[in-house]
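Below is one structure, written out as structure tokens; the observations come after it.
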Amino acid sequence: MTCDAPGSPAPPVPSPPVWRSYGTRRRSTRTVRVRASAALVAATVLAVLLVPPLVQLDQQAVDLSSKLLPPSWSHPFGTDDLGRDLLLRCVYGLRVSLLVGVAAALTATVIGTAVGATAGSLGGWADRALMRLVDTVSSVPHLLLGIFIVAMFRPGVWPVVVSVALTHWLSTARIVRAQVLSLRSRPYIDAAVSGGASRWRVAVRHLLPAVLPQATLAAVLMVPHAMWHESALSFLGLGLPMDTASLGTLIQGARGSLLAGQWWPTLFPGLFIIVPTLAIAGLAGAWRERINPRRRSELML
């Protein structure tokens, strides 16, 4: 038995492997990102739900003596060219844009899930016909097709919802079809078919519940995309009418102010588009890693 001499330095502690410390940092960064995204989404939802009933102010009230005021304590986001409080207008605009985004994302997800599940379940000529339809619609630019659909109706919320939904179901249909084709080769599907279950029963009882997580994730990711699409249509003057406060109409109405040097009527509505988009994308990315452990393990290496 040996002992170290008094005053001798302690043996060095072995450092953890590089891959493990990198994985720890990666997990810590992901946790911070998810928490920040969740806080931003919660703040967005609370602002949309609570600000309009609690703040007893008319967001359409015109005050020409206060037009184009820069940000201050009384008007944190400044005022627009008609003297209306820009913070209140942005909250109302976010409310409308979120309504359009959620409604369009849900509608597009239902259409895409139905088409993808039908194509994957039936196979054969039905699969080929539905996928050729998806390829045909995909060949037309989304914005161009959306403009054509909106032009057939009067400006309003629901024509924009229909336009965005009919141009954004394609990716969901491809994802659901690929998932259904993968599930059809599972043993429990073969057992159900051998037991006399019809194609409809197999699709409803076994295939649809298995693809719902992927379809729901596609719907969540589609919400910010639909918000951007609505903003683009409204900015071009083809979406919502100008008297309806949405983020697209606010930016469209602030073009002249931006050219004159007033930056706040354009900056803050733009931030109200970008920040919720990044927050929803952060939560959706964490959800994707959770429902796909293999992808998460690949990210950790």
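The values are calculated or read from the model by the stated rules, or taken from the named source; none is laboratory data. Keep in mind that this is a model prediction, so the values were computed, not measured. So basically every Cβ, Gly included, is an ideal-geometry build from the backbone, and we count neighbours across all protein chains shown. Accessible surface areas use protein heavy atoms only, side chains included; no ligands, DNA or RNA. Shrake-Rupley method; radii C 1.70, N 1.55, O 1.52, S 1.80 Å.
Numbers at a glance
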quantity	calculated
Complete set of residues in region 56-106 that are open to solvent by 60 Å² or more (accessible area, probe 1.4 Å) and part of a helix (DSSP H, G or I)	Leu64, Ser65, Arg95, Leu99, Val102, Leu106
Hits in region 226-255 - residues which are open to solvent by 50 Å² or more (accessible area, probe 1.4 Å), at pLDDT below 85 and closer than 15 Å to Val161 by Cα	Leu238
Residue within region 81-89 that is over 26 Å from Gly239 (Cα atoms) and touching a residue at least 12 places away in the same chain (Cβ under 8 Å) present	no
Set Ala173, Ala165, Ala178: member being of a type outside the set (Val, Ile, Thr) and surrounded by fewer than 19 Cβ atoms within 10 Å (Cβ to Cβ)	Ala178
Subset of region 122-146 [more than 25 Å from Leu207 (Cβ to Cβ), open to solvent by less than 70 Å² (accessible area, probe 1.4 Å) and without any contact (Cβ under 8 Å) to a residue 40 or more places away in the chain]	Val140, Leu145
When residues of region 14-55 are limited to those that are at pLDDT 70 or above, over 20 Å from the mean Cα position of the chain (by Cα) and of a type in the set (Val, Ile, Thr), the one surrounded by the most Cβ atoms within 10 Å (Cβ to Cβ)	Val51
Residue satisfying all of: in region 181-207; open to solvent by less than 60 Å² (accessible area, probe 1.4 Å) and among the aliphatic types (A, V, I, L, M); nearest to the chain's Cα centre (by Cα) among these	Leu207
Selection from region 275-296 of residues that are assigned to a helix (DSSP H, G or I) and either among the polar types (S, T, N, Q) or modelled with pLDDT of 80 or more (or both)	Val275, Pro276, Thr277, Leu278, Ala279, Ile280, Ala281, Gly282, Leu283
Residues being more than 16 Å from Leu250 (Cα to Cα), without any contact (Cβ under 8 Å) to a residue 24 or more places away in the chain and in contact with a Gly (Cβ under 9 Å, 6 or more places away or on another chain) - total across region 34-68	4
Check on Leu221, under 22 Å from Val48 (Cα atoms), touching a residue at least 60 places away in the same chain (Cβ under 8 Å) and open to solvent by less than 10 Å² (accessible area, probe 1.4 Å)	no
Residue satisfying all of: in region 152-162; within 23 Å of the chain's Cα centre (by Cα) and over 17 Å from Ala219 (Cβ atoms); most open to solvent (accessible area, probe 1.4 Å) among these	Trp158
Matching residues in region 84-143 - criterion: being of a type outside the set (A, V, I, L, M, F, W, C) and within 19 Å of Ala210 (Cβ to Cβ)	Thr109, Gly112, Thr113, Gly116, Thr118, Gly120, Ser121, Gly123, Asp127
